[in-house]
Structures are given as structure tokens and as C-alpha cells.
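The values are calculated or read from the model by the stated rules, or taken from the named source; none is laboratory data. Only a predicted model underlies this, so the values are computations on that prediction, with no experimental measurement involved. Heads up, the Cβs are rebuilt from the backbone with ideal geometry, glycines too, and the neighbour counts pull from every protein chain shown. Ligands, DNA and RNA are excluded from the accessible area calculation, which covers all protein heavy atoms including side chains. Shrake-Rupley method; radii C 1.70, N 1.55, O 1.52, S 1.80 Å.
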Amino acid sequence: MNQTLGMYQQMGNEAFSKAVTNFAPYFSTIEPMFTELRPGRAEVTFANRREVHNHIGTVHAIALCNAAELAAGTMTTVSIPDGRQWIPVGMTVQYLAKAKTDMRVVADGSAVNWEHVGDVQVPVDAYDAEDRRVFTATITMNLK
């Protein structure tokens, strides 16, 4: 079993989320909570609070990008074969609606060929409390 996945299963959502933000402190800016992590899928939530707002009082675009990269990166870690590495090399995003509630961010790698060497496209979507998709991203991961 992948070491990161083993840690998640052993530690649980809250402790694992805290450990990830200690390892990569920038992600702590959104105070994420992992709610699911397995090969091919990761789900992260974060609260709608002032610290993630933009000037119009909605969730800032970069907070959504931050959550998308966290979900996609962690999912990639648990999806690639042991001994492999990855690095994000690009991200395209679309903001579909104002994000006004707590967010649920889902990286779905079920269609990704994790055996591939080179660039793969990892889709990520963010949903509001009414399950409306407010953001979508494609993160290019270079698999080595």
C-alpha cells in the first residue's frame, strides 16, 4: 500500500489534514479537511470564512486553486505506482459561479492512466453547499 494512503487510513481525516498542512504550510491558508482519499479520487472541504474571501465577499479564486492543487496532488501521490514521482506543470481554471458557501473540492482521476510517463490531465471540480459546480480545473501533472 502507498505510504501516504496508509497514513490517511491510519490517522483519519482530521489528523491527516493537519499533517498535510504541516508538511506543506501554504495549504493551511484554506484550513482544508480531507473527507476522502483513495487511488483515483480525493475530496477536500474548506469553510467559507473571511480569510478566504476576495474583495466582494465570496471565496477567492486562488483559495479554490489552492484546494484544487491539494486534492489533485494528494490523489496523484496515492494513485501512481510506488517509486514514481510527479510535479504539477500547469493548471487551467474556469470560474463558473460565485462561490458563496463552504466548498467541496473533488479530484477525479478515475480516467487517468497512472502508468503513463509524462504529462497527464487531472480534472478537479469545486461545489458549493447546494452541490452546484462553481469552479473547474485541469491540472497537468508530469509523471516520472
Put +1 on the Cβ of every Lys and Arg and -1 on every Asp and Glu Cβ in the chain; which of A107, F23, H60 then has its Cα farthest towards the positive end of the dipole?
H60
Could you state the accessible area per residue of the chain in Å², with a 1.4 Å probe and every protein chain left in place?
52 Å²
Tell me, what % of the accessible area of the chain is carbon and sulfur with a 1.4 angstrom probe?
51 percent
Taking the radius of gyration and the Kirkwood hydrodynamic radius from Cα positions alone, what is the Rg/Rh ratio for the stretch 1-101, to two decimal places?
0.98
Given springs between every Cα pair under 10 Å in a Gaussian network model of the chain, which of L37, L96, L70 has the largest fluctuation?
L96
Mean Cα-pair separation over length for the chain, i.e. relative contact order, pairs under 8 Å, 6 or more apart, %:
23 percent
